[in-house]
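For reference, the structure discussed in these notes is given below.
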């Protein structure tokens with residue numbers, strides 16, 4: 001994903017001047033902050049274990065952060081509080097695809113409709129490439145959160161990790177009589193990279209912590 005963002009950046013008029021790789025994992029927060037300072041924004045698409053250091057480095061450097069890494073939900077509240085208290089800026093999300101964020105809204109509305117009848121059992125199925133580490137995906141976790149607002153917590157979730165699947169998410173409502181199935185299938189990762197770059201443009205000049213859905217909401221209102 002990081003490589004794809006670097007490849008797509010020129011198409012949006014951006015220049016990537018620094019890329020931090022896993023071989024730089026031993027850098028201290030201070031060293032990383034010095035490298036990141038004087039940039040318009042940082043996009044983090046690394047690993048969950050690196051998120052706390054990257055958040056701290058960006059806050060120290062005074063650079064807005066687009067956090068696209070998943071698997072750090074257990075630390076989310078603490079890191080968000082840290083960014084706010086220190087006057088930093090961050091936009092985060094389980095998925096930076098515009099299509100997925102529209103899908104969130106479709107699923108949320110469908111769940112509200114299904115909640116009015118008792119015949120349907122909700123479920124989520126997601127599939128990704130074999131190198132994806134977290135399961136269920138951050139997107140599936142977010143879908144479950146949105147659905148549970150209307151349907152409660154009893155939502156079956158299944159994950160597949162195989163081959164080179166960019167990402168597929170299915171939300172189903174099953175009954176004895178029929179099944180309703182909603183699907184989002186990524187054809188490539190370019191949509192995720194485009195969303196991350198869009199968020200990087202959006203966050204410049206702002207202060208605070210935002211969920212990527214807020215960026216999408218602003219776009220949909222135009």
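The values are calculated or read from the model by the stated rules, or taken from the named source; none is laboratory data. Because the structure is a prediction, the values reported are computed rather than measured. So basically every Cβ, Gly included, is an ideal-geometry build from the backbone, and we count neighbours across all protein chains shown.
Have a look at 9, 25, 33 and point out the one that is surrounded by 17 or more Cβ atoms within 10 Å (Cβ to Cβ), more than 20 Å from residue 192 (Cβ to Cβ), in the same structural domain as residue 215 (by TED's automatic domain parsing) and more than 16 Å from the chain's Cα centre (by Cα).
33
Which residues, taken from the range 61-86, are touching a strand residue (DSSP E or B) at 6+ places or on another chain (Cβ under 9 Å), over 17 Å from residue 40 (Cβ atoms) and touching a residue at least 40 places away in the same chain (Cβ under 8 Å)?
80, 83, 84
Report, by residue number, each residue of the range 157-212 that is in a loop (DSSP other than H, G, I, E, B), more than 15 Å from the chain's Cα centre (by Cα) and closer than 30 Å to residue 88 by Cα.
204, 205, 206, 207
What's the number of the condition residue 61 fails, among (1) at pLDDT below 90; (2) more than 19 Å from residue 215 (Cβ to Cβ)?
Among (1) at pLDDT below 90; (2) more than 19 Å from residue 215 (Cβ to Cβ), residue 61 violates only (1).
Out of 98, 43, I need the residue that is within 13 Å of the chain's Cα centre (by Cα) and surrounded by fewer than 20 Cβ atoms within 10 Å (Cβ to Cβ). Which one?
Just one listed residue meets the conditions, 98.
Within the group 187, 221, which residue is exposed (fewer than 12 other Cβ atoms within 10 Å of the Cβ) and closer than 30 Å to residue 81 by Cβ?
The conditions single out 221.
List the pairs whose first member sits in the range 106-125 and is in the same structural domain as residue 176 (by TED's automatic domain parsing), whose second member is assigned to a loop (DSSP other than H, G, I, E, B) and surrounded by 12 or more Cβ atoms within 10 Å (Cβ to Cβ), and whose Cβ atoms are under 6 Å apart, counting only residues at least 6 apart or on separate chains?
114/120; 119/175; 120/175; 122/155
Quick one: residue 133 ticks every box in (1) more than 28 Å from residue 42 (Cβ to Cβ); (2) part of a loop (DSSP other than H, G, I, E, B); (3) in contact (Cβ under 8 Å) with a residue 40 or more places away in the chain except a single one, so which number is it?
(1)
Quick one: residue 124 ticks every box in (1) crowded, with 18+ Cβ neighbours inside 10 Å; (2) in contact with a strand residue (DSSP E or B) (Cβ under 7 Å, 6 or more places away or on another chain); (3) modelled with pLDDT under 95 except a single one, so which number is it?
Going through (1) crowded, with 18+ Cβ neighbours inside 10 Å; (2) in contact with a strand residue (DSSP E or B) (Cβ under 7 Å, 6 or more places away or on another chain); (3) modelled with pLDDT under 95 one by one, residue 124 breaks only (3).
Go through the range 106-119 and give me each residue that's under 22 Å from the mean Cα position of the chain (by Cα) and surrounded by 15 or more Cβ atoms within 10 Å (Cβ to Cβ).
Across the range 106-119, the qualifying residues are 107, 108, 110, 111.
Anything in the range 31-57 that is in a helix (DSSP H, G or I) and either farther than 23 Å from residue 206 by Cα or modelled with pLDDT under 90 (or both)? List them, or say none.
Hits for the range 31-57 are 31, 48, 49, 50.
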